[in-house]
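Have a look at the structure below, then the notes.
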Amino acid sequence: MKERLQKILARGGYGSRRSVEALIVAGRVHVNGEPATLGMQADAHADVVELDGARVLPRAAAVYVAMHKPAGFVTTARDPQGRRTVMELLPHDLPPHVLPVGRLDRDTEGLLLFTNDGEFAHRLAHPRYAVEKEYHALVAGAPPPGAIASLEQGVLIDARRTAPARIEPAQPPPGFDARAGHTWLRIVIHEGRKRQVRRMCAAVGHPVRVLVRTRLDGVLLGRLERGSTRPLSARELRGLRRAVGLVADGD
């Protein structure tokens, strides 16, 4: 069955439909040996679709995985500096093109999602959909009410104020301990600016010592052990798909 080439590539995990359009425009995609054009249709099973000379195989089953990323791993498929990456922690029997959704910095741990569903990954990471992200941060000292209020109202990072957040003192998440002279905070944001939580807390004078992402929309880290993975449940996946407009509210 013929369908738009962008859909074949996006569904195969090669990026969002918008990003694979750029691949086509750049001349990197061929169909049956001929350069592809925007709007072209193909049959993923009958036609030979190639990206950079490599055959694009019919889409493998979509995979959606949650990981408890440990500290010390970078969120990338390959690291030119030779650092350990989160890809090393994935099960070896997954289909190709299963990649992390968004990123956690090297020193941050907690919930990280992976998928080979390019459109889903693109939407989940896009600020337009304002997907809630919850962190537990161990910060130096005991932030007074004024500091908490500043974090909730927004602080300036690179001359741009952060969006309103929800902040409250919290107990340590499972597997973590209290520390003298420090406070655990529960921080809920819907932006994804680089090192945002760390920079927010530093801006009010209470730098982060430990940072753990504990929730992404309705998906919880729970007691998943460091370095371990699990498939998303049907309920979790449905909730995420609804949050990014891939499932209607009534469905």
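Nothing in this text is a laboratory measurement; each read-out follows from the coordinates by a stated rule. Worth saying up front: this structure is predicted, and the values here are computed from it rather than measured. All Cβ positions, even for glycine, are placed from backbone atoms using ideal geometry, and neighbour counts span all protein chains on display.
I'd like to check something: does segment 60-80 contain any residue that is charged (D, E, K, R), more than 25 Å from Arg213 (Cβ to Cβ), in a loop (DSSP other than H, G, I, E, B) and out of contact with any His (no Cβ under 8 Å at 6 or more places or on another chain)?
Scanning segment 60-80, I find no residue that is charged (D, E, K, R), more than 25 Å from Arg213 (Cβ to Cβ), in a loop (DSSP other than H, G, I, E, B) and out of contact with any His (no Cβ under 8 Å at 6 or more places or on another chain), so the answer is no.
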Next on the checklist: Checking Val188 against (1) exposed (fewer than 13 other Cβ atoms within 10 Å of the Cβ); (2) farther than 20 Å from Asp107 by Cβ; (3) within 25 Å of the chain's Cα centre (by Cα), only one condition comes out false. Which one?
Outcome noted: (1)
Next on the checklist: Given (1) exposed (fewer than 14 other Cβ atoms within 10 Å of the Cβ); (2) at positive phi, identify the lone condition not met by Asp217.
Outcome noted: (1)
Checklist outcome for this item: Of the candidates Glu88, Glu109, the one satisfying the condition of being of a type in the set (Asp, Glu) and either farther than 21 Å from Val219 by Cβ or surrounded by fewer than 14 Cβ atoms within 10 Å (Cβ to Cβ) (or both) is Glu88
Checklist entry - Filtering segment 3-30 down to residues that are in a helix (DSSP H, G or I) and within 17 Å of the chain's Cα centre (by Cα), which residue is surrounded by the fewest Cβ atoms within 10 Å (Cβ to Cβ)? => result Ser19
Checklist entry - Do you know which residues across segment 101-153 are in contact (Cβ under 8 Å) with a residue 60 or more places away in the chain and among the charged types (D, E, K, R)? => result Asp105, Asp107, Glu109, Asp117, Glu119, Arg123, Glu132, Lys133, Glu134
Checklist entry - Conditions: (1) closer than 24 Å to Arg106 by Cβ; (2) surrounded by fewer than 13 Cβ atoms within 10 Å (Cβ to Cβ); (3) over 22 Å from the mean Cα position of the chain (by Cα). Lys194 meets all but one. Number of the miss? => result (3)
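Hey, any hits in segment 206-214 for a residue that's closer than 14 Å to Tyr135 by Cα and among the basic types (Lys, Arg)?
Looking only at segment 206-214, we keep the residues that are closer than 14 Å to Tyr135 by Cα, and these are 208-214.
Keeping just the survivors that are among the basic types (Lys, Arg) gives 209, 213.
Yes, segment 206-214 contains at least one residue that is closer than 14 Å to Tyr135 by Cα and among the basic types (Lys, Arg).
If you check Lys69 against the conditions, is it in contact with a helix residue (DSSP H, G or I) (Cβ under 6 Å, 6 or more places away or on another chain), surrounded by 16 or more Cβ atoms within 10 Å (Cβ to Cβ) and of a type in the set (D, E, K, R)?
Working: in contact with a helix residue (DSSP H, G or I) (Cβ under 6 Å, 6 or more places away or on another chain): yes; surrounded by 16 or more Cβ atoms within 10 Å (Cβ to Cβ): yes; of a type in the set (D, E, K, R): yes.
Yes.
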Item to check | Residues that are in contact with a strand residue (DSSP E or B) (Cβ under 9 Å, 6 or more places away or on another chain) and among the acidic types (Asp, Glu), drawn from segment 152-176 | outcome: Glu152, Glu168
Checklist entry - Restricted to segment 153-177, and to residues that are among the aliphatic types (A, V, I, L, M) and either touching a Phe, Trp or Tyr at 6+ places or on another chain (Cβ under 7 Å) or not in a loop (DSSP other than H, G, I, E, B) (or both), which residue is surrounded by the fewest Cβ atoms within 10 Å (Cβ to Cβ)? => result Leu156
Item to check | Matching residues, segment 220-251, being closer than 22 Å to Ile189 by Cα, surrounded by fewer than 18 Cβ atoms within 10 Å (Cβ to Cβ) and small (Gly, Ala, Ser) | outcome: Gly222, Gly239, Gly245
